[in-house]
Amino acid sequence: MTEAKYKGLDLLPLYNEYIDEHPNGLEPSVEMKHWANGAYLRTELVKFTLFKRYGAIVAAGDRHLAEFCPGHWFLHDKKTIQDEYGFSLTTVAWRKEEWQGRIKKQEEYYNGKPFERFDSGEESVRQIKALVGLGNFVTNVNIPNYGQIPNQPIGAVVETNAYFSGDSVRPVFAGEIPVGLNALITRIIDEQEMVVDAALDGDYEKAFIAFLY
C-alpha cells in the first residue's frame, strides 16, 4: 500500500511515527501468546522493517511476508526469526495436530452431531453473496493481472483489490509497484511460473533451479 488517507489526512507519516515509537515491535496479545496459537506469534517487525526499507505498508502477517523475501533477510536461522524479528514458524507437528482435529470434527458431523451455524468472519461468504447479486463487495483476491498493475506481466496471478458484483469479478486499478518492491514480486512470479512449468513437463532439473531461485 503506497497511499493511505482518512478524511484527507495522509496516514503514511503517522504510520512511520508509530513504527518509530515501537522499535521492538508490538507486544503480542494474550490470545496470540496462548500455547494453541503459538505458531501465529508475531510482533509486526517484519512489516515495520519492509515499510522503512520501501516506504510501503505491506498488509499481511509477518510469517507470510517473510516467506516471500530472500531467505537470509528474515529466515536465516532461529535467532533471526525469534530474537530479531519476533515471530514464529508453523511446525510440521502443529500442522499434523491441527489436521487431526479437523478430521475428528468431520467424523463427528458425519456421525450425526448437529451442525452449528455461526458467523465465521470468512470473506468468501460476502464474495459469494455479491456474485449471486446480494450486494456488491470490494476485497483483495488472487486474480490474473489484466493491467491493474502495469509494471507486472499480463496474465500473472497477483493479489489486488477486485469488485465483486452479480456474476462478475473485476480488478481494481492499483497502479505501478515501486521499483524495489517490484523486483521482489517479479522474482516470485518467475519462480512460481518455473515451478508450474517443471510440474507440467515433469522436469526435475527445472524444479531444482526454481528451488534455488
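Within the range 50-87, count every residue that is closer than 14 Å to Ile185 by Cβ and of a type in the set (Val, Ile, Thr).
Within the range 50-87, residues that are closer than 14 Å to Ile185 by Cβ and of a type in the set (Val, Ile, Thr) number 1.
Could you go through the range 87-106 and let me know if any residue there is among the acidic types (Asp, Glu), out of contact with any Pro (no Cβ under 9 Å at 6 or more places or on another chain) and either loosely packed, with under 11 Cβ neighbours inside 10 Å or not assigned by TED's automatic domain parsing to the domain that holds Thr2 (or both).
No.
Within the range 123-137, count every residue that is of a type in the set (A, V, I, L, M, F, W, C), surrounded by 14 or more Cβ atoms within 10 Å (Cβ to Cβ) and within 20 Å of the chain's Cα centre (by Cα).
1
For the range 39-96, name all the residues that are of a type in the set (Asp, Glu), more than 25 Å from Leu212 (Cβ to Cβ) and part of a loop (DSSP other than H, G, I, E, B).
Within the range 39-96, Glu44 is the sole residue that qualifies.
Does Arg170 satisfy the criteria of being farther than 26 Å from Ile189 by Cα and either of a type in the set (D, E, K, R) or within 18 Å of the chain's Cα centre (by Cα) (or both)?
no
Do we have any residue at all in the range 171-180 that's under 18 Å from Glu67 (Cβ atoms), surrounded by 13 or more Cβ atoms within 10 Å (Cβ to Cβ) and hydrophobic (A, V, I, L, M, F, W, C)?
Among the residues of the range 171-180, not one is under 18 Å from Glu67 (Cβ atoms), surrounded by 13 or more Cβ atoms within 10 Å (Cβ to Cβ) and hydrophobic (A, V, I, L, M, F, W, C), which makes the answer no.
The values are calculated or read from the model by the stated rules, or taken from the named source; none is laboratory data. Being a predicted model, the structure only gives us computed values, none of them experimental. Every residue, glycine among them, receives a Cβ derived from its backbone with ideal geometry; neighbour counts consider all protein chains shown.
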